[in-house]
6 protein chains.
Amino acid sequence: MPIVNIQVTREGTTPDRDSVTAEEKAALIKGVSELLLNVLKKPLESTFVIIEEVDTDNWGWGGLPVLEYRGKVAAKKATEE
Amino acid sequence: MPIVNIQVTREGTTPDRDSVTAEEKAALIKGVSELLLNVLKKPLESTFVIIEEVDTDNWGWGGLPVLEYRGKVAAKKATEE
Amino acid sequence: MPIVNIQVTREGTTPDRDSVTAEEKAALIKGVSELLLNVLKKPLESTFVIIEEVDTDNWGWGGLPVLEYRGKVAAKKATEE
Amino acid sequence: MPIVNIQVTREGTTPDRDSVTAEEKAALIKGVSELLLNVLKKPLESTFVIIEEVDTDNWGWGGLPVLEYRGKVAAKKATEE
Amino acid sequence: MPIVNIQVTREGTTPDRDSVTAEEKAALIKGVSELLLNVLKKPLESTFVIIEEVDTDNWGWGGLPVLEYRGKVAAKKATEE
Amino acid sequence: MPIVNIQVTREGTTPDRDSVTAEEKAALIKGVSELLLNVLKKPLESTFVIIEEVDTDNWGWGGLPVLEYRGKVAAKKATEE
């Protein structure tokens, strides 16, 4: 009876999208359920998967909202090169 | 000081609704708070209840998004009968 | 497919116990599963319940570890009476 | 690698707002990340913070939806004075 | 920056074990991190995975502690065959 | 009524300790409760804080159990210098 909770930022994987697509969600659900079957022998029908998309304003990293933090890291990298 | 987190799919209990109603949420809050009072003697005012409604796309069961999984189970049942 | 997570402090309901008993846990599981059946028509077999017992050192209330906070509230009440 | 999850009701801190502002969220992210640095020596860049805003209908306290509970507490206080 | 939380019962995959092994945990961590890389292009180093093992007494299914529920389902199956 | 959940690895801040101390936990509880008071005007007595210590085997980063990942990062740094 595993329960898997996946939290990601609400963003697209390509510039024209602003969230995770239904296909990507289905791939996550399939992949993680099969992983639990393979590693722990948990039958597919006993695994629940919950995907939570979190607005980037609501996600903090490095003491900053995540978009600011990524900008800072990218700027630092550019300076170092 | 119990904290109860209830995750359900965002669906109605009747065909004309597409989410849990405020009345149903109030009934869940009341019921679970009274349960903690009866079983563990926790005063009502020290229990927090959080209800999370999860889009069906974001809920996986049986390795599939939940609506697909339910369809598959229903089809299998129909075949067996 | 509801998932219910119940967090309580690791304490007994009587002075001779230091944790929630197996019987109390079973009563919580039964009660909350029946509540979801009654309020949202969720079949019993599709509800998962997870009970987490949290050490009192790890639970904060009122800006303090919970045992200290309860002591402070009790002392304040005693003074007021 | 701490993970901090902050759940609050979706409400503004002033009457003209109906949710937490981006500035307030950034202040929470900054404050909690610095706290983990100061208390546990966790580098800022290894802390993740997730803020979840919960609709008041979905938050229970005292066996009631939170707005009802607050109203009841306020009414009781008014009577006592 | 995905965060993945995996909750499973504290049980072994073979009769001589009573919990998930370190190797199995490493396989879960590797598998789920690679899944997020493949599906959502999330770099491995930005994914956190938390595995929680839950005592069987603390896990409810079908309105019962999970071991009781499994016993009931097994007994029902045996009767039907 | 904020609820704050803090997950950290079960490790000490000095070599002679193998977990977070009660004093450090109290400092986290105090700090985060005051932060919510300062930023969102939430009264101290309405904030719950839960601290979860997670075994290092159960925490994954970079596709590896966290101690292995840290070792790998440290080795890479040493090579680069």
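Data table
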| quantity | calculated |
| --- | --- |
| Packing-based exposure ordering (other Cβ within 10 Å, fewest first) of D:T56, A:T47, F:T79, F:T9 | F:T79, D:T56, F:T9, A:T47 |
| 7 Å along Cα→Cβ, label-point gaps from B:T79 to other copies, nm, shortest first | 2.7, 5.1, 6.2, 6.2, 7.2 |
| Shape call, the range D:3-80: gyration tensor on alpha carbons, a/c limit 1.5 | prolate |
| Antiparallel DSSP beta bridges within chain D, as percent of all bridges there, nearest 5 | 20 percent |
| In degrees, nearest ten, helix F:66-80 long axis to first principal axis of chain F (Cα) | 60 degrees |
| Rounded Å value of the spacing that divides the Cα centres of the range B:1-74 and the range E:15-81 | 22 Å |
| Cα-only radius of gyration and Dmax that characterise the protein assembly as shown, units Å | 22.7, 72 |
| Relative contact order %, the range C:3-80, counting alpha carbon pairs below 8 Å whose residues are six or more apart | 33 percent |
| Long pairs among C:K72/F:K30; A:K25/A:K77; D:K30/F:K42; C:K25/C:K77; C:K30/E:K72, criterion Cα-Cα beyond 20 Å | A:K25/A:K77; C:K25/C:K77 |
| Shortest-first nm distances, F:A27 label point to equivalent points in other copies (7 Å, Cα→Cβ) | 2.4, 4.1, 4.1, 4.4, 5.0 |
| Ascending list, in nanometres, of distances separating the D:L44 label from those of the other copies (7 Å, Cα toward Cβ) | 2.8, 2.8, 4.6, 4.6, 5.4 |
| Burial order of peptide ranges D:70-78, E:59-67 (average beta-carbon count within 10 Å, highest first) | E:59-67, D:70-78 |
| DSSP bridge pairs, the protein assembly as shown: antiparallel proportion in percent, nearest 5 | 50 percent |
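No lab work stands behind these numbers, since they all come straight from the coordinates. Everything numeric here is computed off the predicted structure, so don't read it as measured data. Here the Cβ is made from the backbone with ideal geometry for all residues, glycine too, and neighbour counts use every protein chain on show.
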